Amino acid sequence: MNPEKIDFYNLGFNFIETKQMFISNFKNGKWDEGKLISFGPFEISPAACILNYGQGIFEGMKALKSKTGDITLFRPNENAKRLNISAKRLLMPCFDEKGFITAVKNVVKANKDYIPPYDSGGALYIRPLMIGDGPILGVSPAEEYKFIIYTVPVGPYFPEGFKAIDLEISKEYTRAAPGGTGFVKTCCNYAGTMKPAKETKSKGFAQIIYLDASNMEYIDEVGTANFFAFIDNKLTTPKLKGTILPGITRKSVLEIANTNLGIETEERDISYKELFKESCSEAFCTGTAAVITPIGSITTDNEKRVFNNGEPGDLTKKLYDLLTGIQRLDIEDKYGWVEKI
Ligand code: PLP
Ligand code: COI
């Protein structure tokens, strides 16, 4: 799409075609150099492993524009590392981490006209995607792969923006089970969440909070974001136990809360019942797409808890201002997380 026709001030989280994508092929046991090409379709065998058995992984990142016009990435090395953790779980070939970051930067530069302006609050979403495209019949890894990076200009993931969202705790569906793939970013993890998301949206909720599959008691995460709550004045988040995606925003928020705001943080099992007690004062979720999204209410089949009259809590707002301030270079990045392109 012609960038001049895009209304950068009213973007949602929807696909918009940009100019160029990066593509690298893995054949005969190695990745080729990769190159930038025009965004567009490619041929794929109907017997490709990704089409039949879902051998695919991805990442999500954002390029932002600072007030002074710099283009920034946030902790891209963390995405490079996580992609390879996902690759190992699905028996896919790792991609060189430095090569990953260089390719991301080149794709962003090639699509720089699509980066929303600083004051729009939008971002250029970056989607690194690796698929097993070699043909296969038995359930085993492909011999050939594609690694693609494309970009899309986006606004907020939840149409509410920085407004509190209403979530439902599912007692029916789970997202991940112990020993499964919940801790990595595989395409299949998301396919199973579409029906629960559709059903909860039809009831007026923005998303589901998934509980742990073993006990249906402890919070795992929100469909596309990690979960946080202030409980007993501690910033508390579910501990990583193989069923939760180790979010890069999650890790950053824990560090900012601790070192910048002096808030005590805790990673532990959180029973959903704790969210209905007075000792739980605020809740929010985090992710590249979701940034920090305040939670206004949480509902189960027989209870509803409203936080702060459905408005973002003070600490949630402080953390949001700090995180986005660092990401957009409005606040000094003393952590060394932001990379200029
Ligand atoms: N959990 C899930 C299931 C996600 O899809 C995401 C988004 O990537 C996150 C958590 C948050 O991770 P990050 O902060 O690295 O974007
Ligand atoms: C992200 O936050 O980057 C995600 O991947 C979430 C979702 C759009 C799948």
*asked:* Can you find, within segment 238-257, the residue that is nearest to residue 178 (Cα to Cα) among those that are away from ligand 2 (no atom under 16 Å from the Cβ) and outside any loop (DSSP other than H, G, I, E, B)?
replied: 238
_Name the single residue that is surrounded by the fewest Cβ atoms within 10 Å (Cβ to Cβ) among those in segment 293-340 being among the polar types (S, T, N, Q) and part of a helix (DSSP H, G or I)._
309
*Are any residues in segment 127-139 surrounded by fewer than 24 Cβ atoms within 10 Å (Cβ to Cβ) and among the aliphatic types (A, V, I, L, M), and if so, which ones?*
129, 131, 136, 137, 139
*Filter segment 46-59 for residues that are touching a helix residue (DSSP H, G or I) at 6+ places or on another chain (Cβ under 8 Å) and not acidic (Asp, Glu) and give the result.*
50, 54, 55, 56, 57, 58
*Which of the residues spanning segment 246-280 are in contact (Cβ under 8 Å) with a residue 60 or more places away in the chain and within 15 Å of ligand 1 (Cβ to nearest atom)?*
246, 248, 249, 251, 252, 253, 255, 256, 257
*How do the pairs read when you match residues in segment 1-26 that are at pLDDT below 95 with residues anywhere that are of a type in the set (Asp, Glu) and away from ligand 1 (no atom under 16 Å from the Cβ), using Cβ under 8 Å and keeping only pairs 6 or more apart or on different chains?*
1/17; 3/113
*Inside segment 77-106, can you point out the residues that are in contact (Cβ under 8 Å) with a residue 24 or more places away in the chain and under 11 Å from residue 341 (Cα atoms)?*
101, 104, 105, 106
_I need the strands (runs of 3 or more DSSP E) fully contained in segment 17-77, keeping only those with at least 1 residues that are within 22 Å of the chain's Cα centre (by Cα)._
20-27, 56-58, 61-65, 71-74
_Among the candidates 171, 185, residue that is basic (Lys, Arg) and in contact with a helix residue (DSSP H, G or I) (Cβ under 7 Å, 6 or more places away or on another chain)_ = 185
*Output the residues belonging to segment 209-236 that are of a type outside the set (Phe, Trp, Tyr) and within 11 Å of ligand 1 (Cβ to nearest atom).*
220, 221, 222, 223, 224, 225, 226
*Looking at segment 282-341, which of the residues that are closer than 15 Å to residue 251 by Cα and more than 19 Å from the chain's Cα centre (by Cα) is nearest to ligand 1 (Cβ to nearest atom)?*
335
*Could you list, in sequence order, all residues of segment 2-45 that are in contact with a helix residue (DSSP H, G or I) (Cβ under 9 Å, 6 or more places away or on another chain) and of a type in the set (Gly, Ala, Ser)?*
24, 34, 45
*Within segment 43-71, restricting attention to residues that are within 16 Å of ligand 2 (Cβ to nearest atom) and not small (Gly, Ala, Ser), which residue is farthest from residue 112 (Cα to Cα)?*
57
_Looking at (1) over 22 Å from residue 74 (Cβ atoms); (2) in contact (Cβ under 8 Å) with a residue 12 or more places away in the chain; (3) over 16 Å from the mean Cα position of the chain (by Cα), which one does residue 243 not meet, given that it meets all the others?_
(3)
*Would you check which residues across segment 55-71 are within 16 Å of ligand 1 (Cβ to nearest atom) and touching a Cys at 6+ places or on another chain (Cβ under 9 Å) and list them?*
56, 57, 58
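The values are calculated or read from the model by the stated rules, or taken from the named source; none is laboratory data. Because the structure is predicted, anything quoted here is derived from the model rather than measured. Counting neighbours? That spans all protein chains shown, and the Cβs are built from the backbone with ideal geometry, glycine included.
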